[in-house]
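To start, the structure itself, in structure tokens.
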Amino acid sequence: MMALNRLVSSSSSSSAALLRPLSALSRSLSAAAAADAPITVETSVPFVGHNCEPPSRSVSTTPAELLSFFRDMAQMRRMEIAADSLYKSKLIRGFCHLYDGQEAVAVGMESAITKKDCIITAYRDHCIFLGRGGTLVEAFSELMGRRAGCSKGKGGSMHFYKKDGGFYGGHGIVGAQVPLGCGLAFGQKYVKDGTVTFAMYGDGAANQGQLFEALNMAALWDLPAILVCENNHYGMGTAEWRAAKSPAYYKRGDYVPGLKVDGMDALAVKQACKFAKEYALQNGPLILEMDTYRYHGHSMSDPGSTYRTRDEISGVRQERDPIERMRKLILSHDVATEKELKFCSREQELHWSCVLWLFSHDIEKEVRKEVDEAVAEAKESPMPDPSELFTDVYVKGYGVEVFGADRKEVRGVLP
Amino acid sequence: MTNLLWRFRGLALRGLCTSSAAAAVEESKKSKAAVNLFSAINQALHIALESDPRTYVFGEDVSFGGVFRCTTGLADRFGKHRVFNTPLCEQGLVGFGIGLAAMGNRAIVEIQFADYIYPAFDQIVNEAAKFRYRSGSQFNCGGLTIRAPYGAVGHGGHYHSQSPEAFFCHVPGLKVVIPRSPREAKGLLLACIRDPNPTVFFEPKWLYRLAVEEVPEHDYVLPLSQAEVIRQGTDITLIAWGAQLAVMEQACVEAEKDGISCELIDLKTLIPWDKETVEASVRKTGKLLVSHEAPITGGFGAEICASIAESCFLRLEAPVARVCGLDTPFPLVYEPFYMPTKNKILDTIKATVNY
């Protein structure tokens with residue numbers, strides 16, 4: 001219960017705060033009523049800084065951006081739900097870690113940076129991959145170990161990569177990706193192209209020694225590295241306060257500044273990442289602690305209900321869900337009236353209220369259809385060729401000998 | 001023999017879980033129940049904690065039972081000060097265990113998967129294994145036992161399937177032990193916990209639920225560094241450990257249909273290994289086949305083959321054979337291609353016997 005109170009309380013103040021941005025939104029919409037009209041929304045809760053001046057709570061956005069946030073998060077959510085059922089029908093085997101609940105981190109971060117910036121993360125990587133421009137078909141194919149997967153079906157759930165999107169992947173060992181991220185950042189600093197690396201890890205990984213090794217190197221050499229702690233409050237089945245003496249992860253860097261962010265608010269994430277990128281390019285590393293939550297268990301073998309209460313999960317869903325927050329932000333105002341809706345037609349320039357109407361009625365249905373189609377397409381993708389077992393181990397094959405059940409006849413040296 | 005129930009991939013296997021007949025008779029007077037491998041481990045941990053108040057069990061998520069349920073009920077029974085969760089920090093928690101053991105305690109560390117043992121590699125290789133030697137016996141961490149589930153599980157992919165035993169077999173000062181069945185697991189784990197040397201105990205995760213066998217409920221230990229001939233034969237000697245023995249057993253049964261008599265040996269302790277038992281068998285059969293899931297190159301099978309080629313050269317009637325994992329990362333798909341399966345073994349048995 002302690003944990004429940006703490007998790008939900010951070011948002012009880014935010015439901016009141018939500019009203020303010022909504023009124024701001026509706027005013028702006030009434031005035032401009034265009035998809036790209038700038039509006040200002042206040043974040044749910046203030047940022048908390050450690051050795052740095054936190055950015056403003058007022059986030060500049062547009063109706064179109066809010067809409068895209070909603071759409072992207074709905075798509076991610078739907079993808080993870082579909083992955084859950086594919087797993088249960090044994091089309092996905094082995095290890096599978098779902099991201100539902102944490103979507104605001106992926107979309108908010110993506111909106112503040114470019115594809116030339118790098119992202120590296122751990123095994124809960126499906127939605128980061130989508131955010132980096134990966135497709136649903138690639139994602140589902142990889143999950144099922146098919147040829148059309150983003151890693152040719154050789155990686156599976158934990159190992160999504162997308163080189164052209166600056167996504168250095170999903171890594172299997174807790175915390176191991178963070179030093180890699182600092183190496184990426186050094187490479188970026190060296191070529192002076194004004195890009196940064198976001199190295200993501202969880203609150204569980206925050207206790208790994210190599211994290212502090214990476215932090216020291218990043219600070220010592222002023223690397224443009226942003227260490228993003230996605231604090232979903234449970235390292236596998238252990239609550240953060242049972243595993244961490246100081247669960248204030250944004251302060252863990254000591255000499256490295258940090259910022260605590262409501263990771264359930266995509267706009268707050270966007271603001272923080274924008275701030276972090278500018279900061280890191282000027283001053284070196286920064287820690288962003290994203291206060292977030294995963295609805296699923298740690299992995300598919302974890303029901304996720306033995307170490308936390310169902311009330312806690314439903315409380316977070318009701319009070320802090322990132323998609324619902326976005327829905328409220330867009331819908332709960334008086335702009336989209338029937339009167340305005342009737343001006344909407346295909347020939348006309350897309351009026352914002354029309355977008356709203358489409359949004360409220362069709363987006364979730366459309367996303368569901370996209371996901372279903374992607375699943376169907378991925379199921380059609382063939383398994384990798386058996387010889388793929390021996391490729392990608394070294395640059396060139398090294399002459400591994402294999403043999404079948406009949407040692408004499410089926411025997412060869414594979415590429 | 002009849003009290004041994006074996007289920008492996010739907011096949012009932014018997015004979016794999018033999019112990020010496022005399023011991024079996026003696027133990028039959030005491031109570032025993034059919035339990036699976038994780039329950040046998042759990043029994044051993046209960047006994048260890050109960051029989052020595054200076055015993056501690058810790059690791060990631062162990063206080064609520066661990067991901068494989070091996071530590072179920074321990075925290076409730078013995079308290080959170082003796083059975084506790086650690087943060088996710090393998091290097092730190094093994095180092096902590098070494099220190100705890102150096103104070104004369106028995107530290108039983110769980111690494112959640114053997115694939116996660118690498119962050120702790122330095123602590124195990126440089127700190128634990130050499131503590132006694134480098135301090136001239138002033139200090140040691142003999143009370144340290146590191147438990148880690150290893151091996152394939154059908155769909156584990158790259159980081160939940162590896163068999164890293166050979167890395168640790170290269171380290172004098174450590175003992176490496178791998179059980180093949182519930183009854184063996186209980187006796188060998190208790191032996192490791194009580195052994196005055198740091199031990200690494202790899203548990204075959206595929207067998208946690210699949211292997212069911214009658215396990216004596218009382219406290220018993222099985223000797224370390226003592227291999228066991230679990231199937232007598234005259235034509236070829238087969239060596240394996242852990243889950244691979246079940247596969248080997250199937251191959252023996254198939255080979256027998258073709259009139260080939262296989263002698264199957266469970267090595268149990270990889271270092272220091274029981275060379276005498278293996279040599280005696282090879283002197284009898286003149287042929288040797290070693291099988292393990294880890295990649296063939298640099299696997300522990302290589303050491304066995306080299307030793308036997310050296311000591312039994314004049315008795316060997318065919319080249320020593322190895323059927324092992326392929327030299328690739330452990331694959332996500334096509335795991336069966338990678339694995340040293342029954343047919344690969346059977347094929348190699350025939351090739352060796354008919355050499």
message = Show me you know the interface measure: the accessible area buried between B and A, both chains summed, probe 1.4 Å, in Å² to the nearest 100.
response = 3000
Interatomic Cα distance distribution for segment B:228-353, bins of 10 angstrom, percent = 14, 49, 32, 5, 0
query = According to the Cα gyration tensor, what semi-axes, each the square root of 5 times an eigenvalue, does the equivalent ellipsoid of the protein assembly as shown have, listed from largest to smallest in whole Å?
reply = 53, 29, 24
message = Can you give the local net charge around A:Gly304? Use residues other than it whose beta-carbon is closer than 10 angstrom to its beta-carbon, Lys and Arg +1, Asp and Glu -1.
response = +2
key: Nearest-ten-degree value, helix B:182-194 long axis tilted from longest Cα axis of chain B   = 50
query = Which three lengths, in whole Å and largest first, does segment A:120-247 cover when its Cα atoms are put on their principal axes?
reply = 42, 42, 19
Kirkwood Rh in Å, taken over segment A:218-307 so that all alpha-carbon pairs contribute = 14.1
ask   = Roughly what angle does helix B:342-353 make with the longest principal axis of chain B, taking Cα atoms, 0 to 90 degrees, to the nearest 10?
value = 50
query = Does segment B:192-267 come out rounded, prolate or oblate, given a ≥ b ≥ c as the square roots of the eigenvalues of its C-alpha gyration tensor, rounded meaning a/c under 1.5 and, failing that, prolate meaning a/b above b/c?
reply = prolate
Rel. contact order, % - alpha carbon contacts under 8 angstrom, at least six apart, chain B = 17
query = How large is the accessible surface per residue of segment B:107-205, computed with a 1.4 Å probe and reported in Å² as a whole number?
reply = 27
task = Go through segment B:136-164 and flag every residue whose accessible area shrinks by 30 Å² or more with all protein chains in place compared to the isolated chain (probe 1.4 Å).
result = B:His155, B:His158, B:Tyr159, B:His160
ask   = With the radius of gyration and the Kirkwood radius both derived from the Cα set of segment A:117-194, what is their ratio Rg to Rh?
value = 1.01
Segment B:112-166, accessible surface, carbon-and-sulfur percent (1.4 angstrom probe) = 52
Square roots of 5 times each gyration tensor eigenvalue, C-alpha, segment B:33-216, largest first, Å = 23, 19, 15
ask   = With all protein chains present, how much of the accessible area of segment B:236-355 (probe radius 1.4 Å) comes from carbon and sulfur, to the nearest whole percent?
value = 55
query = Tally Lys/Arg at +1 and Asp/Glu at -1 over every other residue whose Cβ is under 11 Å from the Cβ of A:Tyr234; what's the total?
reply = -2
note = Here the net charge surrounding B:Trp273, from other residues whose Cβ is less than 13 Å away from its Cβ (Lys, Arg +1; Asp, Glu -1), is -4
ask   = Please identify the trypsin sites (Lys or Arg not before Pro) of segment A:231-267 that satisfy two criteria: DSSP loop assignment and at most 13 other Cβ atoms within 10 Å. Which are they?
value = A:Lys245
Relative compactness, chain B, computed as alpha-carbon Rg over 2.2 N^0.38 Å = 0.96
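The values are calculated or read from the model by the stated rules, or taken from the named source; none is laboratory data. All values reported here derive from a predicted model rather than from experimental measurement. When we count neighbours, we look across all protein chains shown, and the Cβ atoms used for this are built from the backbone with ideal geometry, even at glycine. For the accessible areas, the whole protein counts, side chains as well, though only heavy atoms, and no ligand, DNA or RNA atoms are used. Shrake-Rupley method; radii C 1.70, N 1.55, O 1.52, S 1.80 Å.
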